[in-house]
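Reviewing the structure listed below.
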(Lines give C-alpha, C1' and ligand atoms only; values in the text may rest on other atoms or scores of the structure.)
Protein backbone atom coordinates (compact mmCIF):
# COMPACT_ATOMS: atom_id res chain seq x y z
CA UNK A 1 0.00 0.00 0.00
CA UNK A 2 1.25 3.47 -0.88
CA UNK A 3 2.13 5.63 2.13
CA UNK A 4 0.22 8.90 1.74
CA UNK A 5 1.42 10.42 5.00
CA UNK A 6 2.75 13.92 4.62
CA UNK A 7 5.70 14.12 6.99
CA UNK A 8 8.34 16.80 7.08
CA UNK A 9 11.86 15.49 6.49
CA UNK A 10 13.91 18.73 6.52
CA UNK A 11 14.54 21.59 8.92
CA UNK A 12 13.52 25.14 8.02
CA UNK A 13 16.22 27.70 7.18
CA UNK A 14 16.60 30.78 5.03
CA UNK A 15 15.98 30.02 1.36
CA UNK A 16 13.78 26.94 1.72
CA UNK A 17 10.18 26.66 0.63
CA UNK A 18 7.29 25.72 2.90
CA UNK A 19 4.55 23.84 1.07
CA UNK A 20 1.28 23.71 2.97
CA UNK A 21 -0.29 20.39 3.79
CA UNK A 22 -3.02 19.61 1.22
CA UNK A 23 -5.56 19.35 4.01
CA UNK A 24 -4.60 22.51 5.91
CA UNK A 25 -7.79 24.14 7.12
CA UNK A 26 -6.31 27.62 7.74
CA UNK A 27 -7.96 29.64 4.97
CA UNK A 28 -5.15 32.09 4.21
CA UNK A 29 -2.44 29.44 3.90
CA UNK A 30 -4.53 26.78 2.17
CA UNK A 31 -2.46 25.37 -0.72
CA UNK A 32 0.22 28.01 -0.35
CA UNK A 33 3.94 28.04 -1.03
CA UNK A 34 6.05 30.24 1.26
CA UNK A 35 9.66 31.31 0.70
CA UNK A 36 11.45 31.44 4.06
CA UNK A 37 13.60 34.58 4.11
CA UNK A 38 14.86 34.30 7.66
CA UNK A 39 14.67 31.60 10.31
CA UNK A 40 16.42 31.75 13.68
CA UNK A 41 15.76 31.35 17.40
CA UNK A 42 13.58 34.49 17.36
CA UNK A 43 11.17 33.20 14.73
CA UNK A 44 10.61 32.95 11.01
CA UNK A 45 9.46 35.25 8.24
CA UNK A 46 8.80 34.76 4.56
CA UNK A 47 6.45 35.41 1.68
CA UNK A 48 3.59 33.45 0.14
CA UNK A 49 4.56 33.03 -3.51
CA UNK A 50 1.24 32.00 -5.03
CA UNK A 51 -1.46 34.45 -3.84
CA UNK A 52 -1.91 37.65 -5.87
CA UNK A 53 -3.65 40.99 -5.92
CA UNK A 54 -5.69 41.82 -9.01
CA UNK A 55 -3.83 45.10 -9.66
CA UNK A 56 -0.20 45.36 -10.74
CA UNK A 57 2.24 47.62 -8.91
CA UNK A 58 1.90 50.58 -11.30
CA UNK A 59 -1.87 50.56 -10.77
CA UNK A 60 -1.27 50.76 -7.02
CA UNK A 61 1.47 53.41 -7.27
CA UNK A 62 1.47 55.55 -10.43
CA UNK A 63 5.04 56.73 -9.66
CA UNK A 64 6.34 53.19 -10.03
CA UNK A 65 7.52 52.18 -13.54
CA UNK A 66 4.82 50.52 -15.63
CA UNK A 67 6.51 47.11 -15.96
CA UNK A 68 3.36 45.03 -15.35
CA UNK A 69 4.74 43.77 -12.04
CA UNK A 70 2.24 41.52 -10.32
CA UNK A 71 1.99 41.93 -6.58
CA UNK A 72 1.70 38.90 -4.34
CA UNK A 73 -0.07 38.82 -1.01
CA UNK A 74 2.98 37.82 1.01
CA UNK A 75 1.09 37.08 4.19
CA UNK A 76 -1.32 38.42 6.76
CA UNK A 77 1.27 40.48 8.69
CA UNK A 78 2.01 44.17 7.95
CA UNK A 79 -0.26 44.37 4.91
CA UNK A 80 0.23 48.12 4.53
CA UNK A 81 3.85 47.78 3.38
CA UNK A 82 5.49 46.72 0.14
CA UNK A 83 8.29 44.15 0.30
CA UNK A 84 10.41 42.61 -2.45
CA UNK A 85 12.87 39.86 -3.23
CA UNK A 86 15.26 40.14 -6.16
CA UNK A 87 18.39 38.92 -7.89
CA UNK A 88 20.21 42.30 -7.93
CA UNK A 89 23.46 41.92 -6.00
CA UNK A 90 24.31 45.63 -6.13
CA UNK A 91 21.29 47.01 -4.20
CA UNK A 92 22.37 48.71 -0.97
CA UNK A 93 20.92 47.48 2.33
CA UNK A 94 19.55 44.23 0.90
CA UNK A 95 20.44 40.90 2.46
CA UNK A 96 21.03 37.57 0.79
CA UNK A 97 18.42 34.88 1.43
CA UNK A 98 20.23 32.25 -0.58
CA UNK A 99 22.89 32.31 -3.28
CA UNK A 100 21.89 35.09 -5.67
CA UNK A 101 18.50 35.87 -4.11
CA UNK A 102 18.09 38.97 -1.94
CA UNK A 103 15.48 40.61 0.26
CA UNK A 104 14.78 44.35 0.40
CA UNK A 105 17.27 47.12 -0.08
CA UNK A 106 17.24 50.66 -1.41
CA UNK A 107 13.88 51.15 -3.17
CA UNK A 108 15.13 54.05 -5.33
CA UNK A 109 17.91 51.81 -6.66
CA UNK A 110 15.34 49.13 -7.42
CA UNK A 111 13.24 51.61 -9.41
CA UNK A 112 16.33 52.88 -11.27
CA UNK A 113 17.29 49.32 -12.17
CA UNK A 114 13.83 48.64 -13.55
CA UNK A 115 13.74 51.89 -15.55
CA UNK A 116 17.23 51.33 -16.95
CA UNK A 117 16.72 47.71 -17.96
CA UNK A 118 13.28 46.45 -19.00
CA UNK A 119 14.32 42.80 -18.57
CA UNK A 120 15.23 43.46 -14.92
CA UNK A 121 11.56 42.88 -14.07
CA UNK A 122 12.27 39.15 -14.44
CA UNK A 123 14.57 39.36 -11.42
CA UNK A 124 12.16 40.79 -8.85
CA UNK A 125 8.93 39.95 -7.03
CA UNK A 126 6.78 42.32 -4.97
CA UNK A 127 4.65 41.50 -1.93
CA UNK A 128 2.09 43.25 0.23
CA UNK A 129 2.46 41.87 3.75
CA UNK A 130 4.51 38.93 4.93
CA UNK A 131 4.14 35.64 6.78
CA UNK A 132 5.61 35.44 10.26
CA UNK A 133 5.99 32.87 12.99
CA UNK A 134 7.04 33.57 16.57
CA UNK A 135 9.85 31.55 18.16
CA UNK A 136 8.84 27.89 18.19
CA UNK A 137 5.57 28.44 16.31
CA UNK A 138 6.76 27.06 12.97
CA UNK A 139 8.36 24.07 14.73
CA UNK A 140 4.97 23.27 16.28
CA UNK A 141 3.23 23.54 12.89
CA UNK A 142 5.89 21.30 11.31
CA UNK A 143 5.42 18.72 14.09
CA UNK A 144 1.69 18.74 13.30
CA UNK A 145 2.52 18.17 9.60
CA UNK A 146 1.02 21.52 8.59
CA UNK A 147 3.98 22.21 6.27
CA UNK A 148 6.53 20.36 4.23
CA UNK A 149 10.02 21.90 3.92
CA UNK A 150 11.49 21.73 0.39
CA UNK A 151 14.87 22.88 -0.85
CA UNK A 152 14.61 21.76 -4.47
CA UNK A 153 12.63 24.65 -5.97
CA UNK A 154 14.69 26.65 -8.45
CA UNK A 155 15.37 30.35 -7.95
CA UNK A 156 13.85 30.98 -11.39
CA UNK A 157 10.59 29.44 -10.14
CA UNK A 158 10.70 31.58 -7.01
CA UNK A 159 11.22 34.80 -8.99
CA UNK A 160 8.81 34.00 -11.79
CA UNK A 161 5.25 35.11 -11.58
CA UNK A 162 3.89 31.79 -10.42
CA UNK A 163 0.61 30.55 -11.79
CA UNK A 164 -2.27 29.11 -9.81
CA UNK A 165 -0.76 25.61 -10.08
CA UNK A 166 2.50 26.53 -8.32
CA UNK A 167 1.51 24.72 -5.10
CA UNK A 168 0.80 21.57 -7.11
CA UNK A 169 4.04 21.96 -9.11
CA UNK A 170 6.14 22.33 -5.92
CA UNK A 171 4.43 19.40 -4.23
CA UNK A 172 4.87 17.12 -7.24
CA UNK A 173 8.62 17.86 -7.25
CA UNK A 174 8.86 16.21 -3.81
CA UNK A 175 8.33 12.67 -5.11
CA UNK A 176 5.82 10.10 -6.26
CA UNK A 177 3.60 9.98 -3.17
CA UNK A 178 3.23 13.77 -3.30
CA UNK A 179 2.07 13.62 -6.92
CA UNK A 180 -0.95 11.69 -5.75
CA UNK A 181 -1.96 14.09 -2.98
CA UNK A 182 -1.18 17.13 -5.17
CA UNK A 183 -4.24 16.19 -7.22
CA UNK A 184 -6.52 15.69 -4.23
CA UNK A 185 -9.52 18.07 -4.42
CA UNK A 186 -9.78 20.93 -1.93
CA UNK A 187 -13.20 19.70 -0.88
CA UNK A 188 -13.51 15.94 -1.50
CA UNK A 189 -17.25 16.10 -0.79
CA UNK A 190 -17.71 18.13 -3.99
CA UNK A 191 -15.73 15.66 -6.08
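The values are calculated or read from the model by the stated rules, or taken from the named source; none is laboratory data. Since we're looking at a predicted model, the values are computed, not measured. Note that each Cβ is placed from the backbone with ideal geometry, even for glycine, and that neighbours are counted across all protein chains shown.
Which residues, taken from region 122-168, are surrounded by fewer than 16 Cβ atoms within 10 Å (Cβ to Cβ), part of a helix (DSSP H, G or I) and more than 13 Å from the chain's Cα centre (by Cα)?
Matches in region 122-168: 122, 137, 139, 140, 143.
Evaluate the following for residue 109: is it closer than 27 Å to residue 22 by Cα and surrounded by 13 or more Cβ atoms within 10 Å (Cβ to Cβ)? Steps first, please.
Details: closer than 27 Å to residue 22 by Cα: no; surrounded by 13 or more Cβ atoms within 10 Å (Cβ to Cβ): yes.
No; evaluated as a whole, the condition is false for this residue.
Out of all the residues in region 85-99, is one or more touching a residue at least 24 places away in the same chain (Cβ under 8 Å), within 16 Å of the chain's Cα centre (by Cα), more than 26 Å from residue 136 (Cα to Cα) and part of a strand (DSSP E or B)?
Yes; the residues of region 85-99 include at least one that is touching a residue at least 24 places away in the same chain (Cβ under 8 Å), within 16 Å of the chain's Cα centre (by Cα), more than 26 Å from residue 136 (Cα to Cα) and part of a strand (DSSP E or B).
If you go through region 79-102 one residue at a time, how many are loosely packed, with under 15 Cβ neighbours inside 10 Å and farther than 22 Å from residue 151 by Cβ?
Going through region 79-102, the residues loosely packed, with under 15 Cβ neighbours inside 10 Å turn out to be 79-81, 89-90, 92-93, 95-96, 99-100.
When the remaining residues are screened for being farther than 22 Å from residue 151 by Cβ, the result is 79-81, 90, 92-93.
Summing the residues that are loosely packed, with under 15 Cβ neighbours inside 10 Å and farther than 22 Å from residue 151 by Cβ in region 79-102 gives 6.
Any chance region 47-68 includes a residue that's at positive phi and either at pLDDT 95 or above or not in a loop (DSSP other than H, G, I, E, B) (or both)?
no
Report, ordered by the first and then the second residue, all pairs with beta carbons closer than 8 Å, sequence separation of six or more or different chains, a first member in region 42-59 that is exposed (fewer than 15 other Cβ atoms within 10 Å of the Cβ), and a second member that is part of a strand (DSSP E or B).
43/132; 43/133; 43/134; 55/71
Quick one: residue 114 ticks every box in (1) touching a residue at least 24 places away in the same chain (Cβ under 8 Å); (2) out of contact with any strand residue (DSSP E or B) (no Cβ under 6 Å at 6 or more places or on another chain); (3) surrounded by fewer than 21 Cβ atoms within 10 Å (Cβ to Cβ) bar one, so which box is it?
(3)
Residue 43: at positive phi, modelled with pLDDT of 95 or more and touching a helix residue (DSSP H, G or I) at 6+ places or on another chain (Cβ under 8 Å), yes or no? Can you show your working first?
Values: at positive phi: yes; modelled with pLDDT of 95 or more: yes; touching a helix residue (DSSP H, G or I) at 6+ places or on another chain (Cβ under 8 Å): yes.
Spelling it out, residue 43 is indeed at positive phi, modelled with pLDDT of 95 or more and touching a helix residue (DSSP H, G or I) at 6+ places or on another chain (Cβ under 8 Å).
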